[in-house]
Each structure stands twice: as C-alpha cells, then as structure tokens.
Amino acid sequence: MKDDKRNYIIVVAAGSGSRYGGDLPKQFCDLRGRPLLMTTLERVHACAPDADILLVLSGSMLSFWREICSVLGFGVPFREIEGGATRAHSVRNALSVIDPATVGWIAVHDAARPMVTPEMFARLADGLPGCSGTIPVVPVTDSLRVVEPDGSSRSVDRSRLRAVQTPQLFDGKKLIRANDRELLPTFTDDASVMEAAGYTDLRLVEGDPRNIKVTNPGDMDIVELYL
Ligand code: C5P
C-alpha cells in the first residue's frame, strides 16, 4: 500500500529578536550577504527534501521577506503562516493548516539556528519510531546557579542537565493534539507542550554544539566561522 503520509518542517521566524539588538529581528540579519533565515531554510530543506516547509513570519516582516526572496531568486519552497503572540502560538498557527488524517512526522525548528545538519536530523528520525518525539540535547558546559526572587542563589549539579536544541521531531498527530490546550508562558519549546499534554515518552538524542541559536551580538560571527 502506498504511504500517503505528509511530513512537515515548521520553521518559526515570527519573533522580534529583541536580545540581539539592531533594527531587524535576528533571523533577518545579514549572513554572507543575505538574511540568516535563508541559510536556515536551505539547510533544513536539505535534511528532508520531501517534507513541506511551513514558515511562520510576523505580518510586519512579510513584504520585506517577499521582496528579498524575489530579488535574490530564493529557491527553497515554503508556505507562509502568520505568527502568533508567543513562539508556542506561532507553532499552533502552523499546525492549524495540517490535516491530522494524513500527517506523518512534524519537525519544529527555530529560524535562528542555521547550523542544523542532515546527520543530526537522521539521529532524530532514527529515534522516533516507538516514542512521541525526539529532542536534540547537548551537555551544559557552564557552571549554573538558580537565582531566587530575593536575589540569593545556589549552585546546581550541571552533570544532570542538558541544553535543548531544535529541530525537535514529533509524531504529527500527537503534536497537533498536544497543542489543543492553553499555551502557557513556560512553553519555550515544543517538548514542553508535549510533556504538559502527557506525552512524556520523549527520547533525547545527541544534538550538536555548533547548532547554536543566534541570540546575542557576536553569535553571527561564530556561525560565520562554522560555515
Ligand atoms: O525568543 P526565542 O529565541 O526563544 O525564539 C525562538 C524562535 O521562535 C525564533 O526563531 C523566533 O523567531 C520564534 N518566535 C516566533 N513567534 C513568536 C516568538 C518567537 O515564531 N511570537
């Protein structure tokens, strides 16, 4: 029987990127003469060329983005989705156009992580059968402290902690179901939405320390070096 399941990559790019500074949100800042987002889309497309890309953008960036795609002849196919108030709402807007009856897997990826690789994607895909989702993680290298509201702080055992990256890969039907609930401000990634909905069988796979999220000034120089 023919497998008519459709797979999707949601790229969330509707944030304002306020920590990065500058006039443009970080995902539109220059990387080798064009917006960083173009590198992310090309590299994520190379990971799974048959998957449909849903690109979530804020309405205010739409005309800038369309214009620059047309000027540079950007060739990666994608469908535009309007962003929401938070990252989780942006993901939910993208999920609303997916038919649960035919969905296979769904990957969700931050636009500001251009260093995703096919090797890492393969690790996520290989780990997915038999669980609800696969999450790329890396060990934490800094020492960490928890800060209390009164300003006091204490150290924590970093050996048990992992830093979480994207793309995260999910059973599509379960991700859609998990998002059918109140979206809390603590949902900073999709694994946390899944977990809150009871899908706790998420498998951790090895991420990549180079797969950084461009967040602070200087991060773009690091990405440039890696490329
Ligand atoms: O702010 P943070 O770096 O955690 O955002 C992670 C990703 O989520 C970014 O790629 C950002 O563009 C996206 N985002 C979004 N819609 C929002 C807020 C963030 O698509 N409302």
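The values are calculated or read from the model by the stated rules, or taken from the named source; none is laboratory data. As the structure is a computational prediction, the values presented were derived from the model and not from experiment. Counting neighbours? That spans all protein chains shown, and the Cβs are built from the backbone with ideal geometry, glycine included. SASA here: full protein model, heavy atoms, side chains in, ligands and nucleic acids out. Shrake-Rupley method; radii C 1.70, N 1.55, O 1.52, S 1.80 Å.
Surface composition of the chain: carbon plus sulfur atoms hold 51% of the accessible area, using a 1.4 angstrom probe and ignoring ligands, DNA and RNA. The H on the amide N of ARG6, modeled in the peptide plane, is under 5 Å from the matching H of VAL103, GLY104, each at least 5 residues off or on a different chain. The value of relative contact order for the chain, using C-alpha pairs under 8 Å at least six residues apart, is 25 percent.
With R₀ fixed at 30 Å, the C-beta to C-beta distance from ASP99 to LEU161 puts the FRET efficiency at about 0.20. Computed extension length for HIS89-GLU206: 39.4 nm, one decimal, from 0.36 nm per residue of separation with the Cα-Cα distance subtracted. Quick one: if the Förster radius is 45 Å, what FRET efficiency do SER63 and ASP126 give, using the C-beta to C-beta distance and rounding to 0.05? About 0.65, to the nearest 0.05.
Can you pull the percent of Cα pairs in the range 48-92 with separation above 14 Å? Beyond 14 Å sits 56 percent of the P(r) for the range 48-92. Across the range 54-185, the relative contact order, built from alpha-carbon pairs under 8 Å that are at least six residues apart, equals 27 percent.
Net charge dipole, the chain: roughly 140 debye, given to the nearest 20, about the Cα centre with Cβ charges of +1 for Lys and Arg and -1 for Asp and Glu.
Checking every one of the GluC sites (Glu not before Pro) in the range 161-211 against DSSP loop status and a limit of 15 other Cβ atoms within 10 Å picks out GLU182.
Helical content of the chain, expressed as a calculated mean residue ellipticity at 222 nm, amounts to -8000 deg cm²/dmol (DSSP H runs of 4 or more residues, -39,500 (n - 2.57) each, divided by residue number, nearest 500). Of the listed residues LYS26, LYS173, the order by accessible area with a 1.4 Å probe, largest first, is LYS173, LYS26. The convex hull drawn around the Cα atoms of the chain, when projected onto a plane and averaged over every direction, covers 14.1 nm².
Among ILE68, ILE98, the sequence by solvent-accessible area, most first, with a 1.4 Å probe is ILE68, ILE98.
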